[in-house]
Amino acid sequence: MKTKSLTFLLLLVVTSVFATTEFSCQGQSDPWTPQQLLAPADLAKVLNNPKAAQPIIYSIGMQAIVKGSIDIGPTMRAENLNTLKQKLGKLPKNSQIVVYCGCCPFSRCPNVRPAMELLKSMQFTNYKLLNLPQNVKVDWIDKGYPMSE
Amino acid sequence: MRIFALAFALLLMGGIHSALMAQPTGLVLGNKSPEIKLTTTKGDTITLSSLKGKLVLIDFWGTWCAPCVEEQVDLARLYKKYKLASFTNGKGFEIYGVALEAKKPNWETLITKNKINWIQVSDLKFWRSPVAKAYNIQELPFNVLIDGKGFILAKNLHGKELEMEIGKNLIK
């Protein structure tokens, strides 16, 4: 009986250690830094100011909703990621780039990681991820920020 | 006496007016669900109000939303089980699937793959859909259960909770 309880306890400890490790790894594996997250209000301000230097904005999700953004399609698909790669290949490494998806929170989004990893691997120096914590409706459309036609 | 009669008439008119106005739409339980008029993959228009008389689950989903896609399996089971059932507030059960999609092919593929045999509609406007605004959708999956008269019985129930809510309305 004692051995059984001990084994169970040991299993529980091992499982929880693994669970914690996996969780923390997932957090660490985000291919962006907090400084690379761009607040929607800041982008909206730039878009509303014709005199401001405009970034190149790529929609890497379902639909190009942000004003002036280029529709790449979901970058979870290899063909769309390749399209993005080709477009990026023509740009100087210090180009001001913004990517966004906005389907759902980052933890569930299949598109933001492949795109941010690509930008990192191509050694771009000035790229940001639009911070849409919930989705593009709540964090962009509902706020009345500029949208594409 | 005349004054009383006038006051009574005014009160009565006020009452009728309130009764006419007293069908607030909006996402509060007991309110009338906002009308939806969207098209199927084949281009046919189906309104939510055309399902009057049935218990209806309005399922907001998207092919890009993993939990929504997973839930379709459970919805298929519920649909089969309750489609022809009689409820205290509706005869038969229908699912009105509203897809927040941007392009038709993904949506069509998933309907075929998951053998979805209930109503599927979309305006292909993704999160810009006026329906997402009308139903104040904050995230997916999201659903609304309405009775035969279109009044909201429940919001955003899933799994066992959803089945219990449907079961509660069954005629035993």
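The values are calculated or read from the model by the stated rules, or taken from the named source; none is laboratory data. The model shown is predicted, which means the values in this text are computed figures rather than measured ones. Here the Cβ positions follow ideal geometry from the backbone for every residue, glycine too, while neighbour counts run over all protein chains shown.
Scan the range B:90-113 and report the pairs whose first residue is over 18 Å from B:PRO67 (Cβ atoms) and within 14 Å of chain A (Cβ to nearest Cβ) and whose second residue is surrounded by 14 or more Cβ atoms within 10 Å (Cβ to Cβ) and of a type outside the set (Asp, Glu), with Cβ atoms within less than 7 Å and a gap of 6+ or a chain change.
B:ALA102/A:MET62; B:ALA102/A:GLN63; B:ALA102/B:LEU124; B:ALA102/B:PHE126; B:LYS103/B:LEU124; B:LYS104/B:THR41; B:LYS104/B:LEU124
Just give me the residues in the range B:120-172 being within 14 Å of another protein chain (Cβ to nearest Cβ), in a loop (DSSP other than H, G, I, E, B) and in contact with a Pro (Cβ under 9 Å, 6 or more places away or on another chain), in sequence order. Walk me through it before giving the result.
Keep residues of the range B:120-172 that are within 14 Å of another protein chain (Cβ to nearest Cβ), which gives B:122-142.
Filter again for in a loop (DSSP other than H, G, I, E, B), leaving B:123-125, B:129, B:135-141.
Of everything in the range B:120-172, those that are within 14 Å of another protein chain (Cβ to nearest Cβ), in a loop (DSSP other than H, G, I, E, B) and in contact with a Pro (Cβ under 9 Å, 6 or more places away or on another chain) turn out to be B:ASP123, B:TYR135, B:GLU139, B:LEU140, B:PRO141.
I'm checking my understanding of the structure. Among residues of the range A:117-138 that are touching a Gly at 6+ places or on another chain (Cβ under 7 Å) and not β-branched (Val, Ile, Thr), which one is nearest to A:PRO40 (Cα to Cα)?
Going through the qualifying residues, I end up with A:LEU132.
Residues A:LYS67, A:LYS93, A:LYS128: which one is more than 11 Å from chain B (Cβ to nearest Cβ), at pLDDT 95 or above and out of contact with any Ser or Thr (no Cβ under 9 Å at 6 or more places or on another chain)? Give the derivation first.
On the way: A:LYS67 fails: out of contact with any Ser or Thr (no Cβ under 9 Å at 6 or more places or on another chain); A:LYS93 fails: out of contact with any Ser or Thr (no Cβ under 9 Å at 6 or more places or on another chain).
Checking each option against the conditions leaves just A:LYS128.
Give me the pairs, please: first residue somewhere in the range B:39-50 and farther than 17 Å from B:SER129 by Cα, second residue anywhere and among the aliphatic types (A, V, I, L, M), beta-carbon distance under 6 Å, and either six or more positions apart or on two chains.
none
Given the residues A:VAL112, A:VAL99, which is the only one that is over 18 Å from B:TRP107 (Cα atoms), more than 14 Å from every other protein chain (Cβ to nearest Cβ), in contact (Cβ under 8 Å) with a residue 24 or more places away in the chain and crowded, with 21+ Cβ neighbours inside 10 Å?
Values: A:VAL112 fails: more than 14 Å from every other protein chain (Cβ to nearest Cβ).
Being over 18 Å from B:TRP107 (Cα atoms), more than 14 Å from every other protein chain (Cβ to nearest Cβ), in contact (Cβ under 8 Å) with a residue 24 or more places away in the chain and crowded, with 21+ Cβ neighbours inside 10 Å holds for just one of A:VAL112, A:VAL99, which is A:VAL99.
Those residues that are under 15 Å from A:SER148 (Cα atoms) and of a type outside the set (Lys, Arg), I need them from the range A:61-94; list them, please.
Taking the range A:61-94 and keeping what is under 15 Å from A:SER148 (Cα atoms), we get A:61-72.
Scanning the range A:61-94 gives A:GLY61, A:MET62, A:GLN63, A:ALA64, A:ILE65, A:VAL66, A:GLY68, A:SER69, A:ILE70, A:ASP71, A:ILE72.
Return the residue satisfying two criteria in turn: it lies in the range A:131-148 and is within 11 Å of chain B (Cβ to nearest Cβ) and without any contact (Cβ under 8 Å) to a residue 60 or more places away in the chain, and of such residues it is surrounded by the most Cβ atoms within 10 Å (Cβ to Cβ). Outline the logic, then answer.
Restricting attention to the range A:131-148, the residues satisfying the condition of being within 11 Å of chain B (Cβ to nearest Cβ) are A:132-142, A:147-148.
Among the residues that remain, those that are also without any contact (Cβ under 8 Å) to a residue 60 or more places away in the chain are: A:133-135, A:137-138, A:142.
Numbers: A:PRO133: 12, A:GLN134: 14, A:ASN135: 27, A:LYS137: 25, A:VAL138: 17, A:ASP142: 16.
Residue satisfying both the conditions and the ranking: A:ASN135.
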